[in-house]
Amino acid sequence: MSDVTKRALERSLKRLLRDKPLSKITVTELAKDCGISRMTFYYHFRDIFDLVEWSCQEDASKVLADNKTYGTWQEGFLRILRYVRDDADFVNNVYRSVSRDQVERHLYEVTYKLLRDVVDEEAQGMSVREEDRRFIADLYKYAFVGVVLDWIRDGMRERPEVLTERLAAVMRGNIPRALRALRSDGSPAA
């Protein structure tokens with residue numbers, strides 16, 4: 001039952017965001033729109049930003065699903081972009097509000113998880129230190145999120161498919177090459 005209430009609150013928040021910025025929405029207004037009491041809201045969330053964070057995490061886990069391998073990362077990233085575009089009112093309002101850092105932090109977390117799975121898959125059978133695997137995933141995370149943030153700021157005009165293909169073209173073969181260059185087993189980098 002608690003997920004039902006959480007989802008209802010999420011729908012109410014997204015509905016209210018069509019008409020006003022996040023900073024102007026109150027818990028009272030959100031609870032009223034959802035048909036629950038303020039106490040019920042606080043039973044599930046600390047504040048509206050906690051609801052935003054929960055919503056982002058839930059949606060991201062659904063969006064990525066099983067697309068976290070070297071062969072499927074493009075589909076996972078494309079789904080992230082489509083989610084952002086399809087939920088533009090929500091994303092833009094949250095991004096332009098006082099919780100911009102929440103959107104960025106969330107994008108970094110989601111993108112890191114996607115890329116870290118790809119790096120780990122490609123590193124199988126290689127002796128690559130944990131810190132180097134993290135470094136590679138972080139490097140690409142910052143590049144990917146930077147592209148997404150620019151895309152959001154520019155009004156999401158470019159189609160997600162085009163943006164994903166451009167990233168794939170630039171990235172093709174680079175993670176395996178980086179892993180080979182950072183091998184810690186003493187073998188020469190190829």
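The values are calculated or read from the model by the stated rules, or taken from the named source; none is laboratory data. Here the structure is a predicted model, which is why all the values come from computation and not from measurement. Backbone-built Cβ (ideal geometry, glycine too); neighbour counts: all protein chains shown. The protein model used for the area step is the full one, side chains on, heavy atoms only, and it has no ligands, DNA or RNA in it. Shrake-Rupley method; radii C 1.70, N 1.55, O 1.52, S 1.80 Å.
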- prompt: If r is the Cβ-Cβ distance from ALA88 to SER127 and R0 is 35 Å, what FRET efficiency results, to the nearest 0.05?
  reply: 0.20
- line: Pseudo-spin-label distance VAL27 to GLU58, built 7 Å along Cα→Cβ, given in nm, is 1.8 nm
Hydrodynamic radius by Kirkwood, which averages 1/r over all alpha carbon pairs of the stretch 94-164, in angstrom: 13.5 Å
- prompt: Taking all protein chains as present, what is the carbon and sulfur share of the accessible area of the chain, in % to the nearest whole number, probe 1.4 Å?
  reply: 50 percent
statement: Of the candidates THR111, PRO176, VAL91, the farthest towards the positive dipole end of the chain (Lys/Arg Cβ +1, Asp/Glu Cβ -1, centred on the Cα centre) is VAL91
field: Relative contact order, percent, the chain [alpha-carbon distance under 8 Å, six or more residues apart]
entry: 20 percent
message: To check my understanding: the extent here is largest minus smallest coordinate of the Cα atoms along each principal axis. What are those three numbers for the chain, in Å, largest first?
response: 64, 34, 26
